[in-house]
Amino acid sequence: MYNLWPLLIISVSFLIIIFIIFRHFPALAVLDVENIPEEKEDKIKEKIMKERIKRKFSFLEDFFDRVLAFLNRVSNIFWSKLDKIKEDQREKQENLSLSAVSISERMKILFSQAEVFIKQDNCSEAEKRLIEVISLDDKNFLAFWKLGEVYYSQEKWQEAKQTLLYALKLSEVYPDKVSPNELSNLNYTLSLINKELNDIEGAFSSIINSLNIDPKNPRYLDLALDLCIIRKDKNLAIDYLERIKEVNPENNNIDNWEKEISFLV
């Protein structure tokens, strides 16, 4: 009779092994092969090769980047030069056209061009035209006034102030060439400029000049009242507020002004 104990032991051991395998099968199924040393080594080798190839041909990428940057610079220079040539040709053509007319007609054309550029917010071209007018007539009140307005729109306060002050002197020398409306507007702009420069007394003096010409102008009265509040002149502020209520009772700032005036000593 055969000894069955060895066979029985082997069979039980085999069943235990199968049980263990089935118990851990899900974990084996999701095993990351890249964690196996051999697989990891292959992946590392592949990565090294790719990096080596990339480094080997990287000079081509740098070369083409430099070429493209160079071509871009050349293109920008070319178009800039072309624009400059076109601008020079346009100016020459304009000068030729203007040289064929009288000085007075030339000034009219320049003024007209300046007005167009002002409407287009092209201050540099407007400035050129107005300076050319002044080169033809250095006593031209309108040219200095418009030039001062151009500087004002650019917030070039000092240039604007000096230009408008010269225009103001011209108006005193040639009063017959300046309308009251032009003079009041010039003083109004001077007042705004002086306010920006923190010259409050200068600003107040200029706006008074405007009001002497046009005492019921709402813009002038508003600015005068603001300046009175800054100067802490309560009595004069009340006076201007009453004038504003007469001229423009719908003014939305009336309540705010009343509050500000109430805080003045």
Solvent-accessible area of D138 with every protein chain in place, 1.4 Å probe, in Å² to the nearest 10: 80
Exposure rank, largest accessible area first [V133, V247; 1.4 Å]: V247, V133
Carbon and sulfur %, accessible surface of the stretch 189-265 computed with the full protein complex present, 1.4 Å: 46
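Mind ranking W157, W257 by accessible surface for me, highest first, 1.4 Å probe?
Working: W157 55, W257 10 Å².
Reading off the accessible areas and sorting them downward yields W157, W257.
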Shape parameters for the stretch 147-205, alpha-carbon atoms, Rg then Dmax in Å: 11.1, 33
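For the stretch 207-264, what does the accessible surface come to per residue with a 1.4 Å probe? Please give it in Å².
Values: 3360 Å² over 58 residues.
Solvent-accessible surface per residue comes out at 58 Å².
Using a 1.4 Å probe and counting only protein heavy atoms, arrange E260, E125, E246 so the residue with the most accessible area comes first.
The residues order as E246, E260, E125, largest area first.
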Local net charge near K232, Cβ-Cβ under 14 Å (Lys/Arg +1, Asp/Glu -1): -2
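May I ask for the equivalent-ellipsoid semi-axes of the stretch 172-265, computed as the square root of five times each C-alpha gyration tensor eigenvalue and listed largest first in whole Å? Can you show the working numbers first?
Details: eigenvalues 125, 48, 18 Å².
Working from the Cα gyration tensor, I get semi-axes of 25, 15, 10 Å.
The values are calculated or read from the model by the stated rules, or taken from the named source; none is laboratory data. No experiment lies behind these values; they were computed from the predicted model shown. Backbone-built Cβ (ideal geometry, glycine too); neighbour counts: all protein chains shown. Each accessible area value is taken on the protein alone, full model and side chains, heavy atoms only, with ligands, DNA and RNA left out. Shrake-Rupley method; radii C 1.70, N 1.55, O 1.52, S 1.80 Å.
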